[in-house]
Structure formats: C-alpha cells, structure tokens
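Right, one structure below, let's go through it.
The values are calculated or read from the model by the stated rules, or taken from the named source; none is laboratory data. Quantities reported herein were computed from a predicted structural model and do not represent experimental measurements. Cβ: placed from backbone, ideal geometry, glycine included. Neighbour counts: every protein chain shown. The protein model used for the area step is the full one, side chains on, heavy atoms only, and it has no ligands, DNA or RNA in it. Shrake-Rupley method; radii C 1.70, N 1.55, O 1.52, S 1.80 Å.
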Amino acid sequence: MKLKIAMIFDGLQMGGVERVGSDYAKMLCQMGNDVTIINLKPKFYEMKKEFPEKCEYIDFFYSRKFASEQYAKLVKKGIVGTGVYLGTQIILQLFNAIYKLMFRIHFREEYDLSIAFSGHFNDLSFVANNFMKTRRKMCWLHGALYSYLLISDGYYQLYNKIKNLIVLVSDAQEEVLTYNRSLHLNISKLYNPTFINERKIDSNHVQQLKQKYGRFVLMVSRFEYPHKDQFTVAKMLKIVREKYGKNLDLVFVGNGPNEDDVKELVTSFPEDIQKHIHFEESRLDVQDYYNAAFALVHASVAGEGLPTIMLEALAYDLPMVVTDSKTGPREILGDNKYGLLCRVSDPSDMAEKVVRLVESPNLYFKYKEKSKERIKDFAPQEIQIQLEKIIKNIMGE
C-alpha cells in the first residue's frame, strides 16, 4: 500500500515533537510511501536535515493566529468575550477562504492522507479545514486527549473535523468520551519509536565530555517553562553538592525562551556551585552526551506527552530521575520500575533520588539493565507494525 502522505508541522525547530516527526517521516518512507513535509513556520528549519532526503518540502507560512479555533476560550469571558469570538470567527473564515485558495493555486498536489503532526492550532486547522486536497485526515496528540480539551474547546472542534487521532497515553480517555458524547473519534494509542541508536557515536567527543565535565547528570530539553522545568533541576544540583557533598556536575543541552531566566537563577548560587552547572546549545550530536553522562534528569510542571528524551536515554541504558508530571513519565517508567520518579517542583526530592543512584551501584546497574528491557517496547520495528495497521484502518483497506 503506497500512499501520498503530507505531514504538517508548526515549524521545524529543535524540539522533541520535531525529532519524533523526523522518526515517523523516516518510518513512513521505509514503508514505501511518498512523504511531503509542510512547514508552516518557514523561518524555523533547523531540524530539516534530520528528515529523510527523499521527502518533498513545502514552506507556507500559516500562523496560529490565523486559526479561528484558538479563540474559542474567549467564550468563557462572558457576553463580551462571546461577541469578540463571533466577530473573530467571521473575519478569520473570510481570511482563511482566501488564504486556502492561495495555497491551492501554488500547490495543487492531492494526498491520500494528511497528518497534523505538531498538534498545535495552526497545523490542526490547516488539516481540519482542508487547505490541501486529501482523502483522509489524521492528527497526533503528544499526550492524552483530556489534557488538550482542558486547554481549549477549540481542540474539541478540530478533533471532530479530523476524526482520526493518535494519542501517546490514554489517561482519563474513557471519562472524556463519556462526558462528551458528541465527539465521534477514531482513537489509536501508539508509542513513539526512537532511532537514536542508528546515530554514530564519536568516541573522542565522548571522552572529551567526560574530561570536561567529570561525572555529570544531563538534561536535554528546550528551556520552556512550565513544560520543561530546568529551574528545579538546577536547584537539585545545588542540594546534591551542598547537602550531600557529592561530586556531580549538571549539563543542560538546549535553547529556549527561558534559558536566560535559568542562567540568572544559577548566578544567584555560590560560585563553587555555579562552576558545576554548564549550558550547551542545542546539539545534533546529543547521542555523545547520553553516552558520556552518569544519568538523565528531566523535569516538567505542566505535564508531558511521551518525552522523546526519556526514550533516547533508555536506548543508551542511562538511569534516570524524572518528575512524576502528567502524563508521560509514569507511562514510561511505571512505578519506579524502569527509573526513579520524583515529586513535581521538588528539588529536594529529586536530589535525594539522584544521590540514591550515586550511592548505590546495585541500584544504578539495575536501572541500566531495566533500560535494555523497556526500550524494546519502543523499537521501530514494533511501532511500524502498529502504524501500518492504524493507517490501513483509516484508509478503509
């Protein structure tokens, strides 16, 4: 079954969603499909090099502000908000009709399946409102259904138009569908695969990292609070060194809007702590950092989907300490079966868990072995079999 598939992204910046998207683009190509990548934020293209060369690319600017559904939350502000929402709907419907015509004039290709992969208002609206001609529609939820519907009724409207949803976790899904009976959705749960083991490790670079940072814990994420919480992780390192006296460094890999805020927090620490917290830019050779690190640390306040970083750490047998935020970490680690969970926004609890790994070689090597076991559930071969079944079901074949 060879299909023409369009994957629509809200930018190709360095991030977990984009990394997962490149993995699925690779998988869809390996399945024999023709894949087109549509980038709705052309100024963000850093991750383009991670996608298969055989993919076609379309750059077409479409802002989240253009998606009328994102303004649905205005209704909650009463009569005035409702009036503004209705006026916005009229204006944007006219604007989008013209904008859609512009897209179709320039790009006349027809697709068997279009996928709103970022799951943001613009790529969802782009697919739901038929900017391109397509037989079937599909969208990715990088988390649980309930978490999106809590944010805005606009998601409710878009999901009902698209119908076919992929979720990473199914927490509270039955309750959501029970209390929203007008939602008629075809929902499939599918874990993200990871291909990071296919990347070549630079052993010289690994040794350089070990020499530069010594024994270090690693956090690889965008600086984007509250979805990523580097503040708690930085405070954790301070506690590990001051309270427990452990010789451990911390390396942050990533960029983002809150990077300077985290750096400002670190400058408030004693100088002897500051010099053990290091900031690296976003890296395409992140596999070398996993290979050199002692453990992964990861924190979020607002919740997660199925953090790609955790899957990549499993692929390198890296023990981890992660905040028990909704909804992905517990899905991956179970009840501390495959790694250690700690309380959200609690640097002391995270520090205590990290110190347990430092002080107990048996526990540390137990989690290294458990990582080998758990990563099998995210093997590309297994995920591909499931994805093929899902697509055949959607296409009615």
Excluding Gln13 itself, calculate the net charge of residues whose Cβ lies under 15 Å from the Cβ of Gln13, where each Lys or Arg counts +1 and each Asp or Glu counts -1. 0
Calculate what fraction, in whole %, of the accessible area of the stretch 316-397 sits on carbon and sulfur atoms when a 1.4 Å probe is rolled over the protein chains. 47
Rg(Cα)/(2.2 N^0.38 Å) for the stretch 55-149, N = residue count: 1.19
Among Leu94, Leu357, Leu248, determine the one that fluctuates most according to a GNM of the chain built with springs between C-alpha atoms less than 10 Å apart. Leu94
Whole-angstrom Cα spans of the stretch 126-174 along principal axes, big to small: 33, 19, 16
For 130-143, 75-88, 376-389, 188-201, ranked highest to lowest by mean beta-carbon neighbours within 10 Å, the order is 130-143, 188-201, 376-389, 75-88
Give the angle, between 0 and 90 degrees and rounded to the nearest 10, that separates the Cα long axis of helix 361-374 from the longest principal axis of the Cα atoms of the chain. 20
If Rh is defined by the Kirkwood formula over all Cα pairs and Rg also comes from Cα, what ratio Rg/Rh do you get for the stretch 130-206? 1.17
Under a Cβ-Cβ cut-off of 15 Å, what is the net charge of the residues other than Val127 that fall near it, where Lys and Arg count +1 and Asp and Glu count -1? +4
Read phi for every residue in the stretch 176-191 and hand back ³J(HN,Hα) as whole Hz from Karplus 6.51 cos²θ - 1.76 cosθ + 1.60, θ = phi - 60°, with x for Gly and Pro. 4, 6, 5, 8, 10, 5, 7, 7, 10, 10, 9, 10, 10, 9, 8, 6
What Kirkwood hydrodynamic radius do you get for the chain when you take the inverse of the mean 1/r over all pairs of distinct Cα atoms, in Å? 22.3
In nm², what is the average projected area of the convex hull enclosing the Cα atoms of the stretch 72-228? 14.3
With a 1.4 Å probe and all protein chains left in place, how much accessible area per residue does the chain have, in Å²? 44
Given a 1.4 Å probe and every protein chain left where it sits, what share in percent of the accessible area of the stretch 1-83 is carbon and sulfur? 53
Using Cα atoms only, what is the angle between the long axis of helix 203-213 and the major principal axis of the chain, expressed in degrees (0 to 90) to the nearest 10? 60
Could you calculate, for the stretch 219-271, the ratio of the Cα radius of gyration to the Kirkwood radius, expressed as Rg to Rh? 0.97
Could you tell me the ratio Rg/Rh of the stretch 154-292? Both radii from Cα atoms, Rh via Kirkwood. 1.13
Expressed as an acute angle from 0 to 90° and rounded to the nearest 10, what is the orientation of the C-alpha long axis of helix 230-242 relative to the principal long axis of the chain? 10
Strictly greater than 18 Å: what percent of every Cα pair in the stretch 244-317 meets that? 50
